[in-house]
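Report on the following structure.
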């Protein structure tokens, strides 16, 4: 189960990074600004938030967008909590 989750997160983050790179470097994606931001939010919700944050910091692309400045870090925080809970349940760790 844990291997599946890690593999899923790696793949979805790579997809997020590729999508953001294509949006930045090419004119292949011809969508409105609101639609692009919705796609970024959707990718972040399904697990690609780290990839979006890393890509925006690496290339300085859309760093000042409200969605990347506020929403994506919140999603990263929630994902870390959820993954922590899954690991604690999986290995039956007694933290408290």
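What the table below lists for this structure:
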{"quantity": "One residue from 62, 89 being over 11 Å from the mean Cα position of the chain (by Cα) and on the phi > 0 side of the Ramachandran plot", "calculated": "62"}
{"quantity": "Residue in segment 71-78 that is loosely packed, with under 14 Cβ neighbours inside 10 Å and on the phi > 0 side of the Ramachandran plot present", "calculated": "no"}
{"quantity": "Unmet requirement for residue 47, which otherwise passes all of (1) at positive phi; (2) exposed (fewer than 14 other Cβ atoms within 10 Å of the Cβ)", "calculated": "(2)"}
{"quantity": "Test: residue in segment 60-69 that is assigned to a helix (DSSP H, G or I) and either modelled with pLDDT of 85 or more or touching a strand residue (DSSP E or B) at 6+ places or on another chain (Cβ under 7 Å) (or both)", "calculated": "no"}
{"quantity": "Residue tally, condition under 21 Å from residue 84 (Cβ atoms), at pLDDT below 90 and part of a helix (DSSP H, G or I), over segment 1-46", "calculated": "6"}
{"quantity": "Matching residues in segment 12-38 - criterion: being within 13 Å of the chain's Cα centre (by Cα) and surrounded by fewer than 16 Cβ atoms within 10 Å (Cβ to Cβ)", "calculated": "14, 15, 18, 38"}
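The values are calculated or read from the model by the stated rules, or taken from the named source; none is laboratory data. The structure displayed is predicted, hence computed values, not measured ones. Glycine also receives a Cβ, built like all others from the backbone with ideal geometry; neighbour counts cover every protein chain displayed.
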